[in-house]
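Some notes on the structure that comes next.
The values are calculated or read from the model by the stated rules, or taken from the named source; none is laboratory data. As the structure is a computational prediction, the values presented were derived from the model and not from experiment. Because the Cβ atoms are built from the backbone with ideal geometry, glycine has one as well, and the counts that use them run over all protein chains shown.
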Amino acid sequence: MQYVWDFRPVWLNFGVLLEGLVNTLKLSGFSIGLGLVIGLVLALGRLAPTRFLSLPATVIIEFYRNTPPLVHFFWYFYGLPILTGISLSPFAAAAAALSVQSGAFFAEVFRGGIISVERGQWEAGRAIGMGHAQLMRRVILPQAFRRMIPPLMERSFELVKTTSLAATLTYGELVYKAMVLATQTYRPMEIYSTVAVMFFTVLFLASLGMRAVEHRLARRTAR
Amino acid sequence: MNYSFQFGEILANGDLLLRGLKLTVLLFVLAFSGALMCSLFIGLARGSSRRLPNLIATAYIELFRNTPVLVQLIWFYYALPALSGWQPTAFTAAALGLFLNTSAYCAEIWRAGLQSLPAGQWEAGRAIGMSEWQLLRRVVVPQALARMVPAFTNRGVELAKMTSIASTITVQELMYEAKMLSTQTFLPLETFTVVAVIYFVLIYPGTLAAYALERRLNSKGA
């Protein structure tokens with residue numbers, strides 16, 4: 001069977017797809033920012049010396065890491081308003097679900113980086129009378145942060161791909177715009193292929209950028 | 001916010017969720033078992049020094065790793081019938097998409113695992129006249145496998161979560177049944193809470209196994 005490709009509907013509506021891409025990046029940027037904050041809080045909670053803090057943090061991290069993001073999208077959009085009385089816009093629900101979900105993954109990256117700092121550093125800090133919070137802020141986190149950069153970036157790329165699920169909440173990101181265009185133009189093949197290429201271009205360029213950063217970090221530590 | 005939860009109605013419809021769960025498990029088993037086997041060959045091609053197989057495998061892996069699964073599933077659902085004239089069911093399209101996606105990730109695990117073996121192992125096998133296939137089956141894979149099991153387990157966890165996306169192309173797995181149930185009962189909060197717990201119970205043992213395997217591997221290596 002010969003399929004006749006026709007990309008004209010794609011070019012005519014490329015502005016719509018670009019708008020979707022901008023929304024995808026907006027949702028990604030917002031969720032990465034908030035996710036990093038949530039992740040740091042969860043990681044510090046999990047590592048806290050009291051069970052009162054470490055247990056809830058561990059439960060949240062493990063729960064969000066072991067359940068599908070799609071369920072959280074639906075939970076925040078349809079479930080949470082019933083509980084709180086505040087209904088969220090598709091963007092707010094998607095951003096909340098993504099931030100907490102990625103926060104759980106970011107937390108594990110933070111935790112891994114923190115516990116990778118040599119024991120002598122902790123002991124030295126304690127020996128000169130630093131408290132847990134002071135030690136974390138002044139000694140451990142600044143050293144751990146550099147090692148965390150590559151895995152944090154990798155996790156952020158995962159997040160960008162996960163934003164596509166916001167289409168199911170009718171948030172106008174790239175996949176949602178594509179779905180609308182596909183039903184309007186009857187050209188799903190061409191449109192979804194273009195969308196795949198757009199995602200690929202953004203993520204592939206980003207991962208090339210990451211490799212360059214990794215390279216520089218490796219050189220600096222070697223010196 | 002004095003909301004009284006009505007979990008009873010959700011549990012009364014447990015058979016609906018159970019039916020979805022069966023399809024979720026079937027999707028997982030088909031995609032994962034297929035991917036574990038096929039990815040060995042993609043991984044070999046990716047690690048190969050020959051130009052053409054290397055190029056094809058690299059393109060395949062990068063393509064699947066740098067696009068969202070949702071786009072891949074939709075693409076297979078629409079693209080296959082248009083390109084081949086064969087109309088797959090939503091389930092077949094989802095299984096195929098998840099299989100190809102997981103294969104791409106597993107291929108990288110195979111490549112790293114195979115490359116982690118000292119070159120002497122390959123050379124020794126060749127020196128006593130083993131064919132490539134014999135060498136793989138008798139020397140390389142048995143040794144590399146132990147190191148790769150934690151990574152494969154993590155991949156299985158990711159795949160189990162990904163199966164929920166099949167609901168968007170109308171595969172009637174757990175997430176799809178949950179959406180149906182939530183609109184029928186007008187109880188989205190309870191439905192999605194219960195479904196999240198079901199997924200957690202299903203997936204968490206996999207993560208625990210990966211932790212345990214990693215720990216065992218580290219203590220053995222030390």
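Cβ-Cβ distances below 6 Å connect the following pairs, each with a first residue in the stretch B:76-100 that is more than 20 Å from B:LEU174 (Cβ to Cβ), a second residue that is among the small types (Gly, Ala, Ser) and crowded, with 16+ Cβ neighbours inside 10 Å, and a separation of six or more residues or different chains: B:PHE76/B:ALA93; B:PHE76/B:GLY97. Would you be able to say whether some residue in the stretch A:170-185 is within 25 Å of A:HIS215 (Cβ to Cβ), basic (Lys, Arg) and assigned to a helix (DSSP H, G or I)? So far as the stretch A:170-185 goes, no, none of its residues is within 25 Å of A:HIS215 (Cβ to Cβ), basic (Lys, Arg) and assigned to a helix (DSSP H, G or I). Where residues in the stretch B:41-59 are assigned to a helix (DSSP H, G or I) and among the basic types (Lys, Arg), which of them is surrounded by the fewest Cβ atoms within 10 Å (Cβ to Cβ)? In this case the residue turns out to be B:ARG51. Screening B:GLY34 on (1) farther than 26 Å from A:ALA167 by Cβ; (2) touching a Ser or Thr at 6+ places or on another chain (Cβ under 8 Å); (3) surrounded by 23 or more Cβ atoms within 10 Å (Cβ to Cβ); (4) of a type outside the set (Asp, Glu) shows it passes everything except condition (3).
Just one residue in the set A:LEU174, A:LEU217, A:LEU208 is exposed (fewer than 15 other Cβ atoms within 10 Å of the Cβ) and within 14 Å of another protein chain (Cβ to nearest Cβ); that residue is A:LEU208.
The residues on offer are B:LEU17, B:LEU26, B:LEU44, B:LEU52, and the sole one that is under 23 Å from B:LEU145 (Cβ atoms), modelled with pLDDT of 90 or more and of a type outside the set (Phe, Trp, Tyr) is B:LEU44. The condition (being under 16 Å from the mean Cα position of the chain (by Cα) and either assigned to a helix (DSSP H, G or I) or under 30 Å from A:VAL180 (Cα atoms) (or both)) is satisfied by just one residue among B:TRP86, B:TRP133, B:TRP110: B:TRP110.
Listed here are the helices (runs of 4 or more DSSP H) enclosed by the stretch A:1-87 that have at least 3 residues being of a type in the set (Val, Ile, Thr): A:14-47, A:51-65.
Scanning the stretch A:17-55 for residues that are of a type in the set (Phe, Trp, Tyr) and closer than 21 Å to A:LEU152 by Cα gives a single hit, A:PHE30. Looking at this structure, is B:PHE152 more than 17 Å from A:THR162 (Cα to Cα), in a helix (DSSP H, G or I) and among the aromatic types (Phe, Trp, Tyr)? So B:PHE152 passes the test. Taking the conditions exactly as written (surrounded by 14 or more Cβ atoms within 10 Å (Cβ to Cβ) and among the small types (Gly, Ala, Ser)), does A:ALA124 satisfy them or not? It is false that A:ALA124 is surrounded by 14 or more Cβ atoms within 10 Å (Cβ to Cβ) and among the small types (Gly, Ala, Ser). Within the stretch A:92-114, the set of residues being within 12 Å of the chain's Cα centre (by Cα) and without any contact (Cβ under 8 Å) to a residue 12 or more places away in the chain is empty. Assess whether B:ALA93 counts as being surrounded by 13 or more Cβ atoms within 10 Å (Cβ to Cβ), within 18 Å of the chain's Cα centre (by Cα) and more than 14 Å from every other protein chain (Cβ to nearest Cβ). The answer is no for B:ALA93.
Anything in the stretch A:81-93 that is surrounded by fewer than 21 Cβ atoms within 10 Å (Cβ to Cβ) and more than 7 Å from every other protein chain (Cβ to nearest Cβ)? List them, or say none.
Keep residues of the stretch A:81-93 that are surrounded by fewer than 21 Cβ atoms within 10 Å (Cβ to Cβ), which gives A:81-92.
Of everything in the stretch A:81-93, those that are surrounded by fewer than 21 Cβ atoms within 10 Å (Cβ to Cβ) and more than 7 Å from every other protein chain (Cβ to nearest Cβ) turn out to be A:PRO81, A:ILE86, A:SER87, A:LEU88, A:SER89, A:PRO90, A:PHE91, A:ALA92.
Looking at the structure I just gave you, is A:ALA166 modelled with pLDDT of 95 or more and crowded, with 18+ Cβ neighbours inside 10 Å? Yes. Among the residues of the stretch B:161-199, those that are part of a helix (DSSP H, G or I), among the aliphatic types (A, V, I, L, M) and closer than 19 Å to B:THR102 by Cα comprise B:MET162, B:ILE165, B:ALA166, B:ILE169. When residues in the stretch B:169-188 are screened for being facing chain A (nearest Cβ under 10 Å) and surrounded by fewer than 20 Cβ atoms within 10 Å (Cβ to Cβ), 2 of them pass.
When you check B:ALA104 against the structure, is it in contact (Cβ under 8 Å) with a residue 40 or more places away in the chain, within 14 Å of chain A (Cβ to nearest Cβ), over 14 Å from the mean Cα position of the chain (by Cα) and part of a helix (DSSP H, G or I), yes or no? No; evaluated as a whole, the condition is false for this residue. Are any residues in the stretch A:45-87 touching a Lys or Arg at 6+ places or on another chain (Cβ under 9 Å), touching a residue at least 12 places away in the same chain (Cβ under 8 Å) and over 21 Å from B:GLY206 (Cβ atoms), and if so, which ones? Those that are touching a Lys or Arg at 6+ places or on another chain (Cβ under 9 Å), touching a residue at least 12 places away in the same chain (Cβ under 8 Å) and over 21 Å from B:GLY206 (Cβ atoms): A:LEU47, A:ALA57, A:PHE74.
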